[in-house]
Amino acid sequence: MHTAGQQDWQAAVVPGTVYTDLYRNGSMPDPYWKDEASGLLALMESDYEYETEFECEQKMWEQKRIFLRFEGIDTLADIYLNGVLAGTASNMHRIWEYPVKDIIHLGKNTLTVRLHSPLKYIRRKFAQSPVRGAEDAMDGFVHIRKAHCMFGWDWGAHLPDQGIFRKVFLMADQGVAIKEVRMQQNHSSNGVFLKLHVIAQGCTWDNNRFQYRVILTDPEGKRYCYEGSPVEIHVEQPQLWWPNSLGEQPLYTICVDLLENGVRQDSWERKIGLRTLTIARNRDVWGESFAHCINGKEVFAMGADYIPEDHLLGRTNPERTRRLLEDCKAANFNTIRVWGGGYYPEDWFFDLCDELGLMVWQDFMFACAMYELTPEFEANITQELIDNIIRIRHHASLALWCGNNEMEMFAKERKWVSHDREIRDYVIMYERLIPGVLREYDPDHFYWPASPSSGGSFDEPNDPNRGDIHYWEVWHGNRPFSEYRKHYFRYVSEFGFQSFPCFNTVKTFTDDEEDRNIFLMLWSAIRETEAPMEKL
């Protein structure tokens, strides 16, 4: 990895990020030491390049299709293979694939990824269209499909990293492959019926040449095989999945094999849980209830919001996430809300929530900002939605999809709204576009247009008697803690009070008693990097 245009080459790790590599190599200070983060923003004025060499073997070279698959690029990138532009990327939240059959070499190849400065990009876009958002974030952050909190938040520093933060694969096939598998669960007194929608590239199921088989393995390891492209399989005496404290979390493994003339060409395998999971909304004397309903049983949600675990995404890993979520389970959580100003979590996050019985409220990644729904932006976010819905929808823990964080409420108040067309675009995005994509790719999970909301259409979105609410009056409104006792909200998806960290944590970013005087300017900077209590 090096700064584009310079010869400052240094070792890099992929998956990883520029900040992570620079820090690992001693080329920048610890961003969490005192107020060092404030001096690191300038590093993102530069472009950076990652480069590697790899071998393409004869067996792969002979395949009909060869392509590169990037599961996460942050964010603006040009991808070159052997000096030839294979494609570009413009969205951190998408999966990017590039056909390279015509430019790959048998034997040694050179792959180069050039990452462009997000700061220069948002300045240019903001000058063209000054759409605003959260005050703590940098102007222009709404114009880039990148974790918004990287540009600063009320709990976070200005550290808009770049990198290849998920795995990269060189893949090949003979033109036949499974594109997606969707399962619909129908529960009855006779068991669970799994309806299968198998979509493949290069083949159909209306002839004898191509078929698929399904292998279901139950939690005890017993295998059931279904041949002949079944559209539905019957699970007798199902073991149901329950959230933490209400029951066990048995998981089944389902494998779909694509067969050509009886020979396996591709496979798709996931773990699933058998359950029904939606939101119960029933009228009553106070207004309308709002509660998770699992296997017909309404559940009181207990949990917190999940924000990115580290500004440096290259330092996240399954072991760290497991410790965090196991602590959540030990604290009697049954729900985690993935907040919409970060990024869609890794697969291991959802695997762990499945295992630990933590229901996931999943925001789409739109937060505290108005967006201009240009044709280019609509196409970009539509593919973002599809990629993440397909990736996440099979998880037992997925409880609902939510359109955005706090935008219905702020749009109604006309906060950050500079043109009436932004209100129009809001309604199109969250009440037409996203529901339409979900109807096609995941009609079985509950959709909620915003958080907070009472159901959409700007109908009193922070109503305490309907839907979910964000209550920040104790912190932002300077109310006493006793104020919490006065309210009986239906579903509090955000609340809290910004606190000092524990003293052991303070020691990790200060070095003596003088630094620990909370009235120093140092602490003004540190407050910008500390999370409120309700955030994990």
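Evaluate the relative contact order of the chain (contact order divided by residue number), counting alpha-carbon pairs under 8 angstrom at least 6 apart; express in whole percent. Let's see the in-between values first.
Values: 1116 pairs, mean separation 67.9, N = 536.
Taking the mean separation of contacting Cα pairs over the length of the chain, I get 13 percent.
Carbon and sulfur: what percent of the chain's accessible surface (1.4 Å probe)? Intermediate values should be presented prior to the final figure.
Values: 11850 of 24070 Å².
Reported share for carbon and sulfur atoms: 49 percent.
Would you mind classifying the range 262-391 by shape? Square roots of the alpha carbon gyration tensor eigenvalues, ordered a ≥ b ≥ c; an a/c under 1.5 is rounded, otherwise it is prolate if a/b is larger than b/c and oblate if not. Could you put the intermediate results ahead of the total?
On the way: a/c = 1.31, a/b = 1.14, b/c = 1.15.
Rounded, since a/c falls under 1.5.
Computed from the coordinates I sent, P(r) over Cα pairs in 20 Å bins from 0, in percent equals one of (i) 19, 53, 26, 1; (ii) 22, 57, 19, 1, 0; (iii) 17, 41, 32, 9, 0. Tell me the label.
Computed from the coordinates, P(r) over Cα pairs in 20 Å bins from 0, in percent corresponds to (i).
Among the trypsin sites (Lys or Arg not before Pro) within the range 413-481, which fall in a DSSP loop and have no more than 13 other Cβ atoms within 10 Å of their own Cβ?
Numbers: sites: Arg414, Lys415, Arg421, Arg424, Arg432, Arg439, Arg466; in loops: Arg414, Lys415, Arg466.
Sites meeting the loop and neighbour criteria: Arg414.
Can you give me the Cα centroid spacing of the range 176-190 and the range 100-172 in angstrom?
Centre-to-centre distance over Cα atoms comes out at 35 Å.
Which of the lysines could be linked to Lys34 by a straight reach, that is with a Cα gap under 17 Å, when you skip same-chain ones fewer than 8 residues away?
Once the sequence-local lysines are set aside, what remains near Lys34 is Lys507.
Quick one: check the C-alpha center-to-center distance for the range 410-440 versus the range 453-505, whole angstrom.
Computed from Cα coordinates, the inter-centre distance equals 23 Å.
Past 18 Å, Cα to Cα, is the threshold; run Lys64/Lys101; Lys146/Lys271; Lys195/Lys271; Lys101/Lys167 against it and keep the listed order.
Values: Lys64/Lys101 8 Å; Lys146/Lys271 29 Å; Lys195/Lys271 16 Å; Lys101/Lys167 20 Å.
Check vs 18 Å cut-off fails for Lys146/Lys271; Lys101/Lys167.
Are there any trypsin sites (Lys or Arg not before Pro) in the range 118-169 that are in a DSSP loop and have at most 11 other Cβ atoms within 10 Å? List them by number. Kindly include the intermediate steps, with their values, before the conclusion.
On the way: sites: Lys120, Arg123, Arg124, Lys125, Arg132, Arg145, Lys146, Arg166, Lys167; in loops: Arg132, Lys146, Arg166, Lys167.
For trypsin sites (Lys or Arg not before Pro) across the range 118-169 that sit outside H, G, I, E and B with at most 11 neighbouring Cβ atoms in 10 Å, the list reads Lys167.
Gap in Å between the Cα centre of the range 208-271 and the Cα centre of the range 55-72?
What the calculation gives is 28 Å, centre to centre.
The values are calculated or read from the model by the stated rules, or taken from the named source; none is laboratory data. Since we're looking at a predicted model, the values are computed, not measured. Every residue, glycine as well, gets a Cβ built from its backbone with ideal geometry; the counts of neighbours run over all protein chains shown. Please note that ligands, DNA and RNA were not included when accessible areas were found on the heavy atoms of the full protein model with its side chains. Shrake-Rupley method; radii C 1.70, N 1.55, O 1.52, S 1.80 Å.
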